[in-house]
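Peer 1: This is the structure I have questions about; it appears just below.
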Amino acid sequence: VVLTRNSGGDDAAAMVEVMIGNILGPFITPGLCYALLPKDGPWEGWLPVASSGLGDMYRSVFQQIGLSVLVPLAAGQTLQWLFPERVKSLVALFHLPKVSTACLILLVW
Amino acid sequence: LVLELLVPSRHASLVSNLVLYKQHLLIRQLDVAAHGGVLKSEYSILYGVVAIIFLISGMQITRDKLVSHLTSWRLHLYVQGISFLLIPGIILGICPLDLPLTKSNKLSPVSNYQDNHRSWRCLKPQHRYQCACWTYRSRLNTYYHLIKRGFNPQLWRR
């Protein structure tokens, strides 16, 4: 989203695709792993947990997506809806687009 | 860290303190961003920084724009198709997933490679790790290590 915005693209479209991808990913990716990775050999440890442990995995994945993507997004939208002018000036005052670009660099960690 | 350098212990010379400091720094650098490291990146980065990015994005993108994009099916098809079909397909093409295994599925020392040379097991663990990395270079690495142990890749293809 940050890269799309900085390159002058449609950041709203990118945001929608990120949300859809984040929700589809946890269902499609384990399926791909089970279908394509051999059960033994050098890929022994690469499979996701045995299918009995999938419930725990989904819980932690959706906890993370909810807390780090959906809740902040909803909070930002709500703030914008409640105080449109003030949010706009806040974004300009604290150079928030630049802050999110800086945060993008931290994501390698 | 700086304090430790500036306030050397009474029993050590400055040089030994410097050496210690360098070792300390090296160790610290290794676990700054590790999970459970100095930054606790499993919380601070995975939750904190990602949340900041999406909060800022949520404050900038207008609701009308978001809603109008929810129904652009062709865009969804393109983007999700690329990330869930095209990219896995490319990786599958690059990555040799169907490497043959030994008859006895046991770990054996490298010196025994004659017995089970049709196998990853004839590689030392560190080489096996190198080869299992999903890059094109790793395929070349695999051939390199296998040929070095007297194995002919022409015969290896099933």
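Peer 1: What are the residue pairs meeting all of these: first residue in the stretch A:15-40, first residue within 10 Å of another protein chain (Cβ to nearest Cβ) and more than 21 Å from residue B:73 (Cα to Cα), second residue modelled with pLDDT of 80 or more and surrounded by 14 or more Cβ atoms within 10 Å (Cβ to Cβ), Cβ atoms under 6 Å, and 6 or more apart or on different chains?
Peer 2: A:32/B:88
Peer 1: OK, next. Just name the residue that is modelled with the lowest pLDDT out of those in the stretch A:40-62 that are open to solvent by 90 Å² or more (accessible area, probe 1.4 Å) and more than 19 Å from residue A:28 (Cβ to Cβ).
Peer 2: Out of the qualifying residues, it is A:44.
Peer 1: Using beta carbons and a limit of 8 Å, which pairs, at least six apart or on different chains, have the first residue in the stretch A:70-87 and facing chain B (nearest Cβ under 7 Å) and in contact (Cβ under 8 Å) with a residue 24 or more places away in the chain and the second one open to solvent by less than 70 Å² (accessible area, probe 1.4 Å) and in a helix (DSSP H, G or I)?
Peer 2: A:73/A:15; A:73/A:19; A:73/B:54; A:73/B:55; A:73/B:57; A:73/B:58
Peer 1: Let me ask something additional. For residues in the stretch A:69-86 being open to solvent by less than 50 Å² (accessible area, probe 1.4 Å) and in contact with a Gly (Cβ under 8 Å, 6 or more places away or on another chain), which is nearest to residue B:43 (Cα to Cα)?
Peer 2: Checked the stretch A:69-86; the qualifying residue nearest to residue B:43 (Cα to Cα) is A:72.
Peer 1: Would you be able to tell me the number of residues in the stretch A:12-36 that are of a type outside the set (Gly, Ala, Ser), open to solvent by less than 20 Å² (accessible area, probe 1.4 Å) and closer than 16 Å to residue B:71 by Cα?
Peer 2: Looking only at that region, the number is 3.
The values are calculated or read from the model by the stated rules, or taken from the named source; none is laboratory data. This one's a predicted model, so the numbers in the text were calculated from it and none came from an experiment. Virtual Cβ from ideal backbone geometry, glycine too; neighbours counted across all protein chains shown. The accessibility values were calculated without ligands, DNA or RNA, using every heavy atom of the protein model including side chains. Shrake-Rupley method; radii C 1.70, N 1.55, O 1.52, S 1.80 Å.
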